[in-house]
Amino acid sequence: MSTYPFATLPDYLRPGLRLVFVGINPSVYAVQRGHYFARPTNRFWPAFSRSRLSAPIREALDRESLVPEDDASLLDLGIGFTDVVKLPTRNVADLAPRDFQEWAPRLVERLLSCAPEVVCFHGITGYRAFAHHGLGLDDRDFDLGLQPLTLGRARLFLVPNPSPANAHFRLYDQVVWYDRLAELFDTLAR
């Protein structure tokens, strides 16, 4: 399913998506398992499962919680997944600035071609590199939440990185940010 000349996670993207989740890059562990946010200590799936954002998805699947193996099936429910950089590493520190320089413009193209309503970036590190190398913005500080610019029709939203290495945020904090993203969808529906 991957169109890349190396082992990585596939892009779960297509036109008509409501939401695309964007990670910094896939971990080697996630690629070995074939699923986004696959490490058991990653907060994405537990937080997303507890959030109001996932309520319609959990209802559609008749489940109380979602797991990494659900990533591909969420495409049929309007949610996609991709990364700023598609190169898998053991740690984000293994990425070089040139990796972001090469891959951020590619992400811009992928997102413009599928034109989702909202793109949710996980972590300031990945978003800052995307904004600099993909959108041509200076290296400024970014706040979590709705960003003041769009990419085509897509609203850009920034949440904390759910990695356990991001000790500044707890599971509860991650849930709160996904609930805030649900609030954005509420305002877009009006």
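Any read-out appearing in this document is the output of simple, stated calculations on the displayed coordinates, not a laboratory observation. Keep in mind that this is a model prediction, so the values were computed, not measured. Neighbour counts run over all protein chains shown; Cβ positions are idealised from the backbone, glycine included.
Compared with the rule-of-thumb size 2.2 N^0.38 Å for a compact globular protein, the chain has a Cα radius of gyration ratio of 0.94.
Computed over the chain, relative contact order equals 28 percent, with contacts defined as Cα pairs under 8 Å that lie 6+ residues apart. Of the three principal axes defined by the Cα atoms of segment 90-175, the extents in descending order read 33, 29, 23 Å.
Working from label points 7 Å from Cα in the Cα-to-Cβ sense, the residue 165 to residue 72 distance is 2.7 nm. Determine which residues of segment 1-38 fall in the zone a paramagnetic label at residue 150 would reach in this model, i.e. backbone nitrogen under 20 Å from the point 7 Å along Cα→Cβ. Within reach of a label on residue 150: 14-22. Cα centroid separation, segment 79-148 to segment 40-67: 24 Å.
Dipole magnitude for the chain: computed about the Cα centre from +1 point charges on Lys and Arg Cβ and -1 point charges on Asp and Glu Cβ, it is near 40 debye. Principal axis analysis of the Cα atoms in segment 5-83 yields extents of 36, 31, 18 Å, listed in decreasing size. Here r is the Cβ-Cβ distance between residue 172 and residue 6 and R0 is 35 Å; the resulting FRET efficiency, rounded to 0.05, is 0.45.
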